[in-house]
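Worksheet: the structure to be examined is printed underneath.
The values are calculated or read from the model by the stated rules, or taken from the named source; none is laboratory data. None of these values were measured; they are calculated from a predicted model. Backbone-built Cβ (ideal geometry, glycine too); neighbour counts: all protein chains shown.
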Amino acid sequence: MLILRGILLIAAGYLIGGIPWGVIVARVTGGPDPRTIGSGRTGGANTMRAIGPRLALLAGLLDMLKGTVAVLLARALGAGVEVQVLAGLMAIVGHSRSPFLGFGGGRGVAPAFGGVLAFQPLIALAILPVFLGVIAVTRYSSLGSLVGSAFGAILMIVATATIPLDPFMYVYAVGGTALVWLFHADNIERLLRGQERKIGTPRPEG
């Protein structure tokens, strides 16, 4: 029974992560579907291009809560840290490979942050200025996400080793960051080639 509950909670994490809030908010407010413009992704940066910063902020907060809810649901139903971590990781996967969008989606940053918020709120607060600072200086949303996720992983690894936390938190620290970087593979290639588009730069025609 415990194994079945764990499997169901992990599957629930994936389905929660798959809820395409960027698309939903765009449809409710009459804005263009984020999948039809820019990168075609449904994450924060592309949603902002589609429906503007205020509505994109709403969608981003809802995306963040997917990671938080996946973890807290497992915790509320008495699951151990292992299931909580796996549910949180699956929320990241669901966000980027949504079953409701033909396995498309965003890049996993918001739900990954939401998971950190559920596990270690102080670490989540420490990530924010790094994430926003990198974006403010470089105007690369992707670089802010990559640096912020790596910084968060380092903090979580240090906290797990020194506080100490449950050793399975290493899995979330490394696995969550690895997923974010994996889903940013094309961004990383463009950054290395100097071809990544900055925030506010119009997309080339043709």
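Values computed for the structure shown
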item: Unmet criterion (only one of (1) in a helix (DSSP H, G or I); (2) touching a residue at least 24 places away in the same chain (Cβ under 8 Å)) for Leu101; result: (1)
item: The one condition in (1) touching a Pro at 6+ places or on another chain (Cβ under 7 Å); (2) assigned to a loop (DSSP other than H, G, I, E, B); (3) farther than 30 Å from Ala76 by Cβ that Ala50 fails to fulfil; result: (2)
item: Residue count for region 149-165, restricted to those that are surrounded by fewer than 18 Cβ atoms within 10 Å (Cβ to Cβ) and modelled with pLDDT of 95 or more; result: 7
item: Failed item, numbered, when Leu125 is tested on (1) surrounded by fewer than 20 Cβ atoms within 10 Å (Cβ to Cβ); (2) in contact with a helix residue (DSSP H, G or I) (Cβ under 8 Å, 6 or more places away or on another chain); (3) hydrophobic (A, V, I, L, M, F, W, C); result: (2)
item: Which listed residue, of Glu189, Glu196, is under 30 Å from Thr36 (Cβ atoms), in contact with a Ser or Thr (Cβ under 8 Å, 6 or more places away or on another chain) and surrounded by fewer than 22 Cβ atoms within 10 Å (Cβ to Cβ); result: Glu196
item: Phe131 aromatic (Phe, Trp, Tyr), free of Cβ contacts under 8 Å to residues at least 24 places away in the same chain and within 18 Å of Ala59 (Cβ to Cβ); result: yes
item: Qualifying residue in region 7-23 (condition: more than 14 Å from the chain's Cα centre (by Cα), within 27 Å of Lys198 (Cα to Cα) and crowded, with 19+ Cβ neighbours inside 10 Å); result: yes
